[in-house]
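*Asks:* Pasting a structure here, questions to come.
The values are calculated or read from the model by the stated rules, or taken from the named source; none is laboratory data. Predicted, not measured: the structure shown is a model, and the values here were computed from it. The protein model used for the area step is the full one, side chains on, heavy atoms only, and it has no ligands, DNA or RNA in it. Shrake-Rupley method; radii C 1.70, N 1.55, O 1.52, S 1.80 Å.
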Amino acid sequence: MSESRAWEDVDDYFITHLSPNDEPLEAALRDSDAAELPPVNVTANQGKFLQLLAQIQGARRILEIGTLGGYSTIWLARALPADGRLISLEYSARHAEVACRNIARAGLDTLVEVRVGPALESLPKLTDENPEPFDLVFIDADKANNPHYVEWALRLTRAGSLIIIDNVVRGGRVADADSTEPDIRGTRAAIELIAAHPRLTGTAIQTVGSKGYDGFALARVLD
Ligand code: SAH
Ligand code: DHB
Ligand code: MG
């Protein structure tokens, strides 16, 4: 059995037992596929991992950067209390439209707001609104801007908040200091920012699975 086939079988096994997609999640994937959105959503066990982190965090307010069809959004929003709030930023109006339908079908439209536009334009507007700090920020958009997203996350959070970055390994390419790929350079800059920043402490974990070899970075905001 090839290694990546084993990764898929193990994901299937874990997902079947621990985090099967229910009808709203299945429908979200089906409609995202029908609308030809790229199939780069988190897997079901990763979605459940994000949901557990939000619950451990006691998150009442969540910020997501990169909505796609709202699949990760649904997992995260399900961790919220009835008076919670999730704001998700998405560049593509087409992706946001699919996401909003998926989120509404999951019964989460009262908790979730999707804002359309480049996140680097939405984030300053969000700061101007002077919102209550976010308890958790999930960064999963254009990886070249990852260091900027970490900076904005710091402005929009509090001591004890959790910042999560998806796709920090990319088949191992993150270890290439000479990479000219904007995504890799952005991710390396974000990792090095977390390392150097006096108000952040973090780590990163490699993962394998049906989406291949990748990983998450986690950072906690300090006083
Ligand atoms: N979080 C989703 C996957 C997000 S894929 C999930 O796991 O289900 C990345 C998304 O980021 C895409 O929908 C893409 O359109 C969006 N994106 C890319 N550049 C962006 C930008 N500058 N601002 C906001 N969103 C952006
Ligand atoms: C890509 C984006 C993602 O958010 C992801 O989880 C995997 C891949 C991509 O753009 O290739
Ligand atoms: Mg991702």
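*Asks:* Could you calculate, for the range 65-142, the ratio of the Cα radius of gyration to the Kirkwood radius, expressed as Rg to Rh?
*Replies:* Numbers: Rg = 11.7 Å, Rh = 12.6 Å.
On the Cα set of the range 65-142, Rg over Rh gives 0.93.
*Asks:* Among the lysines, which have Cα under 28 Å from the Cα of Lys48 when same-chain residues fewer than 8 positions away are ignored?
*Replies:* Lys48 reaches Lys143, Lys211.
*Asks:* In a Debye calculation with equal point scatterers on the alpha-carbon sites of the range 1-98 and no solvent, what is log10 I(q)/I(0) at q = 0.16, 0.17, 0.19, 0.24 Å⁻¹?
*Replies:* -0.73, -0.82, -0.98, -1.29
*Asks:* Would you compute, from DSSP H runs of 4+ residues alone, the mean residue ellipticity of the chain at 222 nm, taking -39500 (n - 2.57) per run and dividing by the full residue count, rounded to the nearest 500? It would help to have the intermediate numbers written out before the result.
*Replies:* Working: 8 runs with 96 residues, N = 223.
Here the helix-only value at 222 nm equals -13500 deg cm²/dmol.
*Asks:* Scan around Val42 for amide H atoms under 5 Å from its own, H built in the peptide plane at 1.01 Å from N, and keep only partners 5 or more places away or cross-chain.
*Replies:* Residues meeting the criterion, in which the H sits 1.01 Å from N, are Ser72.
*Asks:* With the full set of protein chains in place, find how many percent of the accessible area of the range 1-111 is carbon and sulfur; take the probe as 1.4 Å. Mind showing how you got there, number by number?
*Replies:* Values: 2970 of 5440 Å².
Summing carbon and sulfur atoms, their accessible area is 55 percent of the total for the range 1-111.
*Asks:* Mind jotting down the distance between the C-alpha centroids of the range 10-71 and the range 178-223, whole Å?
*Replies:* The two parts, judged by their Cα centres, are 20 Å apart.
*Asks:* Relative contact order of the range 1-110: what whole-number percent is it, with Cα pairs under 8 angstrom and at least 6 residues apart? Don't skip to the end; give the middle numbers.
*Replies:* Details: 132 pairs, mean separation 30.6, N = 110.
Over the range 1-110, the number comes to 28 percent.
*Asks:* Return the Rg/Rh value of the chain, two decimal places, where both radii are evaluated on C-alpha atoms and Rh is the Kirkwood radius. Spell out each step's value before the answer.
*Replies:* On the way: Rg = 16.7 Å, Rh = 17.6 Å.
Rg/Rh for the chain comes to 0.94.
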